[in-house]
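Shown next, in C-alpha cells, is the structure this report addresses.
The values are calculated or read from the model by the stated rules, or taken from the named source; none is laboratory data. Everything quoted here is computed from the prediction, not taken from an experiment. Neighbour counts run over all protein chains shown; Cβ positions are idealised from the backbone, glycine included. For the accessible areas, the whole protein counts, side chains as well, though only heavy atoms, and no ligand, DNA or RNA atoms are used. Shrake-Rupley method; radii C 1.70, N 1.55, O 1.52, S 1.80 Å.
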Amino acid sequence: MKRILVTGGAGFIGANFVRYLLEHSSAQVVVLDALTYAGNRESLNGLPEDRVELCIGSITDASLVDRLVSDSDAVVHFAAESHNDNSLHDPAPFLETNILGTYMLLEAVRLHNVRFHHISTDEVYGDLELDDPARFTETTPYNPSSPYSSTKAASDLLVRAWVRSFGVRATLSNCSNNYGPYQHVEKFIPRQITNILNGEKPKLYGSGNNVRDWIHVDDHSSAVWRILQHGQMGRTYLIGANGEENNRVVLETILELMGKNANDYEKVPDRPGHDLRYAIDASPLRVELGWVPQHEDLAQGLSTTIQWYTENRAWWEPLKQQTEARYESQERDRKLEAVKTVGTA
Ligand code: NAD
Ligand code: DAU
C-alpha cells in the first residue's frame, strides 16, 4: 500500500490515524476532507509535505472521489458527521455525508478495484442495560437509536452489500468511544476539560450513569492499521479496550486530575433517547490479528489528554465559543419543542 487515501483525515480520529501512518509505514497519504466545522487543517500541522497532501473537498463529489480513488492503493474512510447531539437537531447532513458519501466511495473503489476500510461505531448495535453481562460482538443485531447511529448503520450495510454483490475488497470496524488529542470540543471529555480550563462548570447529562467503553485514539489507529494489513475481506472487527466507565466517574476523575473538587459540575437536561451503555468484546481482533492496546489505563490517558488541551489552547480556543453557543441554541430549541408538545397534548 504505497498510496493511501484517508477520508476525514482533518477530523479527530482521521488526523491521529494520519500521524500513526507516517510513523508506522512508508505510505504516501492523501487526505480528502471537506473541512466542515469539525475538520481542522491545523490538526495536520507539522507533517512532512512530501508525504501528506490535503485535498479539500466532499466525499459526495463523485468526480473528485473517482479521481482520488483511481490514484490510490487503499482507502480508509473516516469522513462523517459524527456528533449525536447535532444529529438530533438537523439530521440532513448526516444522511448526505454518512450514507450518500459512503455510496460514492463504494462506487469508486468498485470501479477501480481498490482496497477499502470502513470506519464505523459500536452505536449501530444500540445499547445495553447497566447490569447486562453481555458485550457487543460482530453478530449482535443492528438496533441504532439516533439519526447519527442510524446513518452509520446504513453505511455499514451498504459496505456489506457491495462486498457480497460486487466483490468489493472491504473490511469494516466498529469502535467504541475514542478520546485523546485533537478531539473537537463538542465531545464529552474535551468539552469538560476546556470548560474547566476556562473557569466554567462541566456539564453532565441526566444522571451521569450512562456507560461508555473508552479507548485511546492511538489504540484505535493501531487496530485499523492491523485490519488494513491483515484483515479478512468482508469481515467486521469490533475495536475496544475494556474501558467501560460511567460518565459521572469520568467527569469526577477529570476534575480531580485538574485539582478541582470532584462535585464541582452542573447537571443539565438529558440527551433525548440517550443510549445507556456500550461495551465491546474485541477478542477476535486480539486472538486472530494479535492486536494489543497500549493505553488501557483510563486515568493515565485522561491525564495526558488534559495536558494536551492545557498546552494547545491555540488549537481549541477558536472553536469553543461557537460550540457552546450551538449547545445553548439546541437547548432553547428543545425547550420550545417541549412547550409545543404540552400545548398540543
Ligand atoms: P470528526 O467529526 O472529528 O471528524 C470528521 C471529519 O470528516 C472532519 O474532518 C470533517 O471535516 C470531515 N467531513 C465531514 N463531512 C465530510 C464530507 N462530506 N466530505 C469530506 N469530509 C467530510 O469525527 P471523528 O470523531 O474523528 O470520527 C471519525 C469516524 O470515526 C466517523 O466515521 C465516526 O463515525 C467514527 N467513530 C468515531 C468514534 C468517536 O468516539 N469519535 C468512535 C467510533 C467510530
Ligand atoms: O460509541 C462511539 C461513538 O462515541 C461515536 O460513534 C461518536 O461519533 C462519538 O461522538 C461518541 O458518541 P457519544 O454520544 O457517546 O459521545 P459524546 O462525547 O457526545 O458523549 C459521551 C457521553 O457523555 C454520552 O453519554 C453523553 C455524555 N455527555 C456528553 C456531552 C457532550 C455529557 O454528559 N455531557 C456533555 O456535555
>> Of everything in the stretch 41-52, what is more than 20 Å from the chain's Cα centre (by Cα), open to solvent by 80 Å² or more (accessible area, probe 1.4 Å) and within 15 Å of N16 (Cα to Cα)? Give them in sequence order.
In response: N45, G46
> Of the residues A80, A38, which single one is surrounded by 15 or more Cβ atoms within 10 Å (Cβ to Cβ) and either touching a strand residue (DSSP E or B) at 6+ places or on another chain (Cβ under 9 Å) or not in a loop (DSSP other than H, G, I, E, B) (or both)?
Replying inline: A80
> Which residues, taken from the stretch 228-250, are within 18 Å of I215 (Cβ to Cβ), within 15 Å of ligand 2 (Cβ to nearest atom) and not in a strand (DSSP E or B)?
Replying inline: G240, A241, N242, G243, N247, V249, V250
> Hey, any hits in the stretch 74-83 for a residue that's at pLDDT 95 or above and over 30 Å from T305 (Cα atoms)?
Replying inline: yes
> Quick one: how many residues across the stretch 1-40 are in contact with a Cys (Cβ under 6 Å, 6 or more places away or on another chain) and charged (D, E, K, R)?
Replying inline: 0
> Consider E96 against the criteria (1) touching a residue at least 40 places away in the same chain (Cβ under 8 Å); (2) within 15 Å of ligand 1 (Cβ to nearest atom): it satisfies all of them except one. Which criterion is unmet?
Replying inline: (1)
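Between L130, L100, L172, which is among the aliphatic types (A, V, I, L, M) and part of a helix (DSSP H, G or I)? Write out each step before concluding.
Numbers: L130 fails: part of a helix (DSSP H, G or I); L172 fails: part of a helix (DSSP H, G or I).
Of L130, L100, L172, the one residue that is among the aliphatic types (A, V, I, L, M) and part of a helix (DSSP H, G or I) is L100.
Taking the condition of being assigned to a helix (DSSP H, G or I) and exposed (fewer than 15 other Cβ atoms within 10 Å of the Cβ), how many residues in the stretch 278-302 meet it? Please lay out each step first, then the result.
Step one: list which residues in the stretch 278-302 are assigned to a helix (DSSP H, G or I), which gives 283-289, 298-302.
Subset that is exposed (fewer than 15 other Cβ atoms within 10 Å of the Cβ): 283, 286-288, 299-300.
Going through the stretch 278-302 one residue at a time, the tally reaches 6.
Can D333 be described as more than 25 Å from L128 (Cβ to Cβ), part of a loop (DSSP other than H, G, I, E, B), more than 22 Å from the chain's Cα centre (by Cα) and not small (G, A, S)?
Numbers: more than 25 Å from L128 (Cβ to Cβ): yes; part of a loop (DSSP other than H, G, I, E, B): no; more than 22 Å from the chain's Cα centre (by Cα): yes; not small (G, A, S): yes.
Against the criterion (more than 25 Å from L128 (Cβ to Cβ), part of a loop (DSSP other than H, G, I, E, B), more than 22 Å from the chain's Cα centre (by Cα) and not small (G, A, S)), D333 does not qualify.
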> In the stretch 110-127, what count of residues is obtained for those that are in a helix (DSSP H, G or I), touching a Ser or Thr at 6+ places or on another chain (Cβ under 9 Å) and not acidic (D, E)?
Replying inline: 4
> Which one of these does T60 not meet: (1) assigned to a loop (DSSP other than H, G, I, E, B); (2) within 12 Å of ligand 1 (Cβ to nearest atom); (3) open to solvent by 50 Å² or more (accessible area, probe 1.4 Å)?
Replying inline: (3)
>> Out of everything in the stretch 166-204 that is of a type in the set (S, T, N, Q) and closer than 20 Å to H77 by Cα, what residue ends up being most open to solvent (accessible area, probe 1.4 Å)?
In response: N177
> Quick one: S165 ticks every box in (1) assigned to a helix (DSSP H, G or I); (2) out of contact with any Phe, Trp or Tyr (no Cβ under 9 Å at 6 or more places or on another chain); (3) within 11 Å of ligand 2 (Cβ to nearest atom); (4) among the hydroxyl-bearing types (S, T, Y) bar one, so which box is it?
Replying inline: (3)
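Quick one: which residue in D275, D333, D270, D264 is in contact with a strand residue (DSSP E or B) (Cβ under 6 Å, 6 or more places away or on another chain) and either more than 20 Å from H220 (Cα to Cα) or open to solvent by less than 40 Å² (accessible area, probe 1.4 Å) (or both)?
Result of the check over D275, D333, D270, D264: D270.
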>> If Q307 meets every condition in (1) touching a residue at least 60 places away in the same chain (Cβ under 8 Å); (2) not in a strand (DSSP E or B) apart from one, which number is that one?
In response: (1)
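Mind telling me which of the residues E288, E296 ends up being within 27 Å of E129 (Cα to Cα) and not β-branched (V, I, T)? Spell out the reasoning first.
On the way: E288 fails: within 27 Å of E129 (Cα to Cα).
Step by step, each of E288, E296 is checked, and only E296 is within 27 Å of E129 (Cα to Cα) and not β-branched (V, I, T).
Would you be able to say whether some residue in the stretch 8-20 is outside any strand (DSSP E or B), open to solvent by 20 Å² or more (accessible area, probe 1.4 Å) and within 16 Å of ligand 2 (Cβ to nearest atom)? Outline the logic, then answer.
Step one: filter the stretch 8-20 for residues outside any strand (DSSP E or B), giving 8-20.
Applying the additional criterion that residues be open to solvent by 20 Å² or more (accessible area, probe 1.4 Å) yields 12-13, 19-20.
Checking which are within 16 Å of ligand 2 (Cβ to nearest atom) leaves us with 12-13.
Looking through the stretch 8-20, at least one residue is outside any strand (DSSP E or B), open to solvent by 20 Å² or more (accessible area, probe 1.4 Å) and within 16 Å of ligand 2 (Cβ to nearest atom).
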